[in-house]
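Here, each number is a calculation from the coordinates, and none is a lab measurement. As the structure is a computational prediction, the values presented were derived from the model and not from experiment. All Cβ positions, even for glycine, are placed from backbone atoms using ideal geometry, and neighbour counts span all protein chains on display.
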Ligand code: NA7
């Protein structure tokens, strides 16, 4: 599989490489391992001072993955499967971070990573990418591979006065490494997406008073978390190859058989039974796996919504609080959350819910939060406001392709990619789980491994044919963007005000960002392109003449 290739060449200044990988999370580590196996001279640059990416920064209390730990791991190196033991069904952030640290050491990747290096600009010069950082060093590389993550650029804080607050302001996406002790404190949390929901249920156990400021309620499924037994782990290890293969060909990158039944193919009683079965199984797909038309049919979707709302009303004692916690959007169209007794938290006497739809937030001031109805005095304020998702990290770097064209300009009306892998006019610039690929709608690790493999195959193909550059054809890119839009339009997804559409960040173009048709179908599309000799990509043997903006 791995082709030995060497393309060492030196041009200009900086560290000279064949490939530079940006980011040392799941994607960057896997890519670097592959590049090294191919004999390429490559390095990772990482702004953090350790590996982990998203799992390095998001250390807030309660942070956990919503994919089962035994599936949220690499499959490409048997020693990693043999030597690592997951302790719980859904791993905590410290355990996932420890896993990635173990991987980096076990695969001897640490020597290939420059930590504390923040990439600021990347310019195409001839057929080289010249990459500058906030300090030293700079890099020159033929291939620039963005492993910058989908949920790594925090959304700018858009609440007036947050810098006036006298107490501690904590952002979940940049949580202090040493943790925070909330004992005896009056804590406020703004944000009730996956992050807020995870943090609230844990902070409530410590704080003296906890006030949750909720703008939009979200659906949350019980994790039904539990410690894993040796027997279960052994069974997973034994069947792992088949398990992962099933995940690769599924919609969401998880090893769960797809249903063939539509919501109204069955009686109401059977429908309830299936929803209950999912609820008791737990996890992000608790209800979505029940029927085929969950994401596409409004009336079908409403049955699952009502089931979820009924559970909230059952769990939460105070009817007014329960009603305020009941979401009204199409279930699944905003990321479904997974919790451990989240709704139960609101039965605790020291936990209060402020419904910002009834009393909008006016500002944060030195003493706490002011709504249109009241002032809430606080000692600490936790902001779980979400991310400039999917495109934020890429566009945070000033990337200039052919003729000095800025990626920010090329994507000003929304990202334009072919297969979520590359963009026209930006030759040899690859993205791992870029926009318009399944990424965030799937088990990220499964999608990352697939992209690492496709990029590895692309580089090997170029080496075999002596090509120096590769990029998508403009028409292929346009067709892909249209295809991704068309697929999304056949679902309920675009109707939601979610970060999948960019609507959560002011000024961001509103387009549906991920590919909705599932990992398995996407994988087939990629394989088809590869089998056809990389249809839709343009290869060149000579570097193009480029004009570089100063
Ligand atoms: P999300 O899902 O984008 O959630 C952000 C939350 O913050 C959401 O409840 C927002 O309410 C709320 N928010 C954002 N800005 C404001 C302001 N200005 N005022 C009040 N409330 C606000 O991000 P998460 O980090 O929770 O989750 C992201 C993904 O990470 C998650 O889906 C998993 O895949 C992992 P809104 O809904 O906009 O009304």
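Annotations for the structure displayed:
- Two-decimal log10 I(q)/I(0) for the range 75-207, as the Debye equation yields it once each C-alpha is a single scatterer, q = 0.19 Å⁻¹: -1.25
- Pairwise Cα distances in the chain exceed 30 Å in 51 percent of cases.
- Additional length obtainable on full extension of the chain from residue 358 to residue 120, 0.36 nm per residue less Cα span: 81.5 nm
- Tilt relative to the chain, helix 26-37 - C-alpha long axis, 0 to 90 degrees, to 10: 20 degrees
- Radius ratio Rg over Rh of the range 306-357, counting only Cα atoms, Kirkwood formula for Rh: 0.94
- For the range 419-550, the relative contact order works out to 32 percent when only alpha carbon pairs closer than 8 Å and six or more residues apart are counted.
- In terms of packing, defined here as the mean over residues of other Cβ atoms within 10 angstrom, the peptides 320-328, 197-205, 453-461, 258-266 line up highest first as 197-205, 453-461, 320-328, 258-266.
- The range 135-252 - Debye-derived log10 I(q)/I(0), Cα point model, q = 0.12 Å⁻¹: -0.80
- Residue 166-residue 262 pseudo-label distance in nm [points 7 Å out on the Cα-to-Cβ vector]: 6.2 nm
- Protection proxy ranking of 303-316, 388-401 - average other beta-carbon atoms within 10 Å, highest first: 388-401, 303-316
- Listed by Cβ neighbour count within 10 Å, with the fewest neighbours leading, 411, 276 appear as 276, 411.
- Alpha-carbon centroid distance for the pair the range 68-99 / the range 162-186, whole angstrom: 29 Å
- Restricting the calculation to Cα atoms, the range 1-159 shows an Rg/Rh of 1.00 when the hydrodynamic-style radius is the Kirkwood one.
- When peptides 415-424, 484-493 are ranked by their average number of other Cβ atoms within 10 Å per residue, the highest-first order is 415-424, 484-493.
- More than 15 Å apart - percent of Cα-Cα pairs taken over the range 341-427: 73 percent
- To the nearest ten degrees, helix 474-489 and the longest principal axis of the Cα atoms of the chain are 10 degrees apart.
- Of all DSSP beta bridges in the range 97-212, antiparallel share, percent nearest 5: 70 percent
- Working from Cα pairs under 8 Å separated by at least six residues, relative contact order for the chain is 19 percent.
- The convex hull built on the alpha-carbon positions of the range 453-550 has an orientation-averaged projected area of 9.0 nm².
- Alpha-carbon spread of the range 211-309, three principal axes, descending order, Å: 43, 41, 24
- Computed [θ] at 222 nm, helices only, for the chain once each DSSP H run of length n ≥ 4 contributes -39500 (n - 2.57): -9000 deg cm²/dmol
- Structural descriptor for the range 182-226: relative contact order 48 percent, calculated from alpha carbon pairs under 8 angstrom and at least 6 residues apart.
- D by Stokes-Einstein for the range 265-318, Kirkwood Rh over Cα pairs, 10 °C, 1.306 mPa s: 138 µm²/s.
- Taking 75, 412, 366, 220 and counting other C-beta atoms within 10 Å, the order from fewest to most: 366, 412, 75, 220
- Rg/Rh, computed from the Cα trace of the range 329-486 with Rh as the Kirkwood radius, has the value 1.13.
- Degrees separating the helix 444-464 axis from the principal Cα axis of the chain, which is the longest one: 10 degrees
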